[in-house]
Amino acid sequence: MPTTQSTTANRSTTKKTSTQRTKKDAIKLLTEDHAKVKKMFKEYEKLCKKNEEEGKQELATQICRELTIHAQLEEELFYPAVREAINNDLLMNEAEVEHTSAKDMIAQIQAMNVSDPMYDAKVIVLGEYVNHHIEEEENQMFPKVQKAKMDLEELASEITERKETLMEE
């Protein structure tokens with residue numbers, strides 16, 4: 001019987017530890033969004049190389065929606081908290097300017113028809129632009145955020161809740 005009790009105790013300890021490890025923080029959530037969008041841009045480029053028109057507009061629409069929601073989450077929740085924590089106005093201002101430019105390109109894409117000769121170019125350039133922005137966030141901003149000792153789990157909770165609301169709209 002003692003063996004059974006210790007095994008049960010070990011299982012619950014292991015379960016607690018793995019649950020703690022899987023808790024999300026804001027950086028992990030945003031990085032997952034980045035990976036998802038990068039993958040969609042690669043899929044779009046593959047469709048272009050194969051000259052496949054089928055599915056391009058749907059994929060571009062999905063990319064634009066994901067980016068719009070992601071940018072809104074960062075602007076409403078993440079950036080204000082980071083701005084306060086890291087005290088680096090130039091980095092944060094750059095990120096906001098990049099968001100504005102990306103949103104302008106998204107609006108252009110959304111106003112176009114997939115048959116427009118510039119459609120593919122706009123989507124591909126948006127992807128290149130977003131990749132640059134992701135690199136800066138992940139290599140410059142996120143390390144500063146991690147050093148700032150912010151409550152990234154609480155911020156993740158706020159981001160998740162807001163994202164659910166935005167996805168429903």
Taking segment 88-116 as the region of interest, how many residues are outside any helix (DSSP H, G or I) and either surrounded by 13 or more Cβ atoms within 10 Å (Cβ to Cβ) or of a type outside the set (S, T, N, Q) (or both)?
4
Pull up segment 117-164, narrow it to residues that are under 30 Å from Glu54 (Cα atoms) and loosely packed, with under 13 Cβ neighbours inside 10 Å, then point me to the one that is modelled with the lowest pLDDT.
Pro117
What are the pairs, 6+ residues apart or on separate chains, where a residue within segment 156-167 that is closer than 16 Å to Val82 by Cα has its Cβ under 6 Å from a residue that is at pLDDT 95 or above and among the hydrophobic types (A, V, I, L, M, F, W, C)?
Ala156/Ala26; Ala156/Leu29; Glu158/Leu77; Ile159/Ala26; Ile159/Leu29; Ile159/Leu73; Ile159/Leu77
Got a number for residues in segment 41-63 being surrounded by 16 or more Cβ atoms within 10 Å (Cβ to Cβ) and either hydroxyl-bearing (Ser, Thr, Tyr) or under 12 Å from the mean Cα position of the chain (by Cα) (or both)?
2
I need the full set of residues from segment 65-87 which are of a type in the set (A, V, I, L, M, F, W, C), over 17 Å from Glu154 (Cα atoms) and either surrounded by fewer than 16 Cβ atoms within 10 Å (Cβ to Cβ) or under 12 Å from the mean Cα position of the chain (by Cα) (or both), in order please.
Leu67, Ile69, Ala71
Selection over segment 114-168 where residues are acidic (Asp, Glu) and more than 18 Å from the chain's Cα centre (by Cα) yields a count of 3
Only one residue in Thr68, Thr100 is free of Cβ contacts under 8 Å to residues at least 12 places away in the same chain and of a type in the set (Ser, Thr, Tyr), so which one is that?
Thr100
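The values are calculated or read from the model by the stated rules, or taken from the named source; none is laboratory data. Source: prediction; values computed, not measured. As a convention, Cβ positions derive from the backbone with ideal geometry for all residues, glycine included, and neighbour counts pool all protein chains shown.
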